[in-house]
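The values are calculated or read from the model by the stated rules, or taken from the named source; none is laboratory data. On a predicted model such as this, the values are computed, not experimentally measured, just so you know. Cβ placement follows ideal geometry from the backbone for every residue including glycine, while neighbour counts extend to all protein chains displayed.
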Amino acid sequence: MHPSGKRRDWGWHTVYVVFVAGIVALDVASRSEAAEWSLLPSVGVKGVYNSNLLLTPLPHDEIYGYWVAPAAEFAGKTERLEVSSRIAADVVGYFGGEDRQFTNAFTPLSVRYKTEKDLLGFTGGFARDNTMLSELQETGVVLQFTQRNQWTANPTWTRRLTEKLSAQSGVQFSDTTYESSRLVDYRVVGGSGGLLYQLSERDQIQLLGSYVHFRTTDARVGLQANFPGINMSLTHAFDESVTATIYGGPRFLSSTSQTPVGDITAHDTVWLAGASMKKSFERATLQVSLARDLVPSGFGLLIQTNRGELSGSYEISETLACSLNVVGVLTSGKTTAAIGGVFPDSSYVSLTPKLSWKFFEWWQAEVSYMYRWRDTDTAIDSASSHATTFMVTYYPPKFSLSY
């Protein structure tokens, strides 16, 4: 039984394992190919201070905490197969106004297998994290301070039809549960297919059709939503150091709320779009992105996010580096909440500068600051927080094998 009393369906969780095992089996026949495998373990210890951990406008106390973060990066490569993963955990304790202890876990997996004409890919895995640390940064919505468990599986297939034209297809699958009876578990299933055409050495255009089905899995008032759509994107490389992408298209949203007195159906057309640009310098990188998207929420509904992000990094020296990340999100509801009520519009901003120093061959220190601010239509006052962290990480020697 799930910790919150919710039932879990584990049958499909083996799908991505079977898929990856099949791709690895395809590579077994190529025993003569050169292969490189590596494992890089690490363990970090972090101290944390936060002036408003729950980002609430109500009276609150300052919070202090610790993180212990063991991890291991795995990578393997042959002429056809590439596999990578970073298995990690966070053992966290907070003290002060909020005495909380929890453990995060991450087991992502990325696989690429290529032949002369085909490229098979897979990304997915399991993530156990906290909504105030992950979902807030993704959507700008404060749900509740609770653990989120999420399985994802996203296989893709690209086949080259001519020198310039390729066919693409993919499947989207995610299952999300919360360890709180106040939040709503949900499942998302979808697929896409289309064409990619190389207009020139620097330009490519993509046309995709997609279908996504969202449904709650444990709500008193269930919700289902479908949004098929069309998306077109154009990517242009100005030179070797600057690449830009722009995309957009409509989604035809149809939602059904299953109430005791009958189903309530609504229809809407939502235009989604975005743009991104990345610039690489000799010792620095700069990336900016803007996107409007439909994303699921633990409130048991779909929400629309207008998200902007600016990130940059600079290598001051061989041992010293700095970075900056700025995120802004405007959020509104696009379907009726399965748990009742109206979803308020909200605004969220975060600012995170960071400085890292490699002071010995296997040791690295990192100090960062994070400012967060949020406001909602239903709150009288906005809320903000100031957080600082200091982390020391030990990287033992890397294990590698080549044959």
*Going by the conditions given, is LEU320 surrounded by fewer than 16 Cβ atoms within 10 Å (Cβ to Cβ), in contact with a Phe, Trp or Tyr (Cβ under 6 Å, 6 or more places away or on another chain) and modelled with pLDDT of 95 or more?*
yes
*asked:* Name the residue that is nearest to VAL111 (Cα to Cα), counting only residues in the stretch 145-182 that are assigned to a loop (DSSP other than H, G, I, E, B), in contact with a Ser or Thr (Cβ under 6 Å, 6 or more places away or on another chain) and not acidic (Asp, Glu).
replied: THR146
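To keep it simple, each residue is scored yes or no on (1) surrounded by 16 or more Cβ atoms within 10 Å (Cβ to Cβ); (2) assigned to a loop (DSSP other than H, G, I, E, B); (3) not small (Gly, Ala, Ser).
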site	(1), (2), (3)
SER85	yes, no, no
PHE95	no, no, yes
GLU98	no, yes, yes
LEU133	no, yes, yes
GLN137	yes, no, yes
VAL141	yes, yes, yes
*Just to be sure, is THR156 closer than 30 Å to SER280 by Cβ, at pLDDT 95 or above and within 21 Å of the chain's Cα centre (by Cα)?*
yes
_Being within 19 Å of PRO70 (Cβ to Cβ) and either touching a residue at least 60 places away in the same chain (Cβ under 8 Å) or in a strand (DSSP E or B) (or both) is the filter here; which residues of the stretch 361-371 pass it?_
TRP363, GLN364, ALA365, GLU366
_Restricting to the stretch 264-299, count the residues that are closer than 25 Å to SER323 by Cβ, out of contact with any Phe, Trp or Tyr (no Cβ under 8 Å at 6 or more places or on another chain) and part of a strand (DSSP E or B)._
13
*Any residue at all in the stretch 255-265 that is under 20 Å from GLY308 (Cβ atoms), out of contact with any helix residue (DSSP H, G or I) (no Cβ under 9 Å at 6 or more places or on another chain), at pLDDT below 95 and not polar (S, T, N, Q)?*
no
_Qualifying positions in the stretch 66-106 - in contact with a Phe, Trp or Tyr (Cβ under 6 Å, 6 or more places away or on another chain) and under 26 Å from PHE390 (Cα atoms)_ = SER85, ALA88, ASP90, VAL92, GLY93, PHE95, GLY96, ARG100
*Check whether at least one residue in the stretch 161-172 is over 21 Å from VAL68 (Cβ atoms), of a type in the set (D, E, K, R) and without any contact (Cβ under 8 Å) to a residue 40 or more places away in the chain, and report yes or no.*
yes
*Restricting the stretch 222-270 to residues that are more than 22 Å from the chain's Cα centre (by Cα) and among the aromatic types (Phe, Trp, Tyr), which is surrounded by the fewest Cβ atoms within 10 Å (Cβ to Cβ)?*
PHE238
*State which residue pairs qualify: first residue among the hydroxyl-bearing types (Ser, Thr, Tyr) and inside the stretch 277-294, second residue surrounded by 15 or more Cβ atoms within 10 Å (Cβ to Cβ) in any location, beta carbons under 6 Å apart, and separation of 6 or more residues or different chains.*
THR285/SER313; SER289/SER276; SER289/GLU309
*Is it the case that some residue within the stretch 164-178 is in contact with a helix residue (DSSP H, G or I) (Cβ under 8 Å, 6 or more places away or on another chain) and under 28 Å from LEU207 (Cβ atoms)?*
yes
*asked:* For the stretch 159-201, give me each residue that is among the charged types (D, E, K, R) and farther than 24 Å from ASP218 by Cα.
replied: ARG159, ARG160, GLU163, LYS164, GLU201
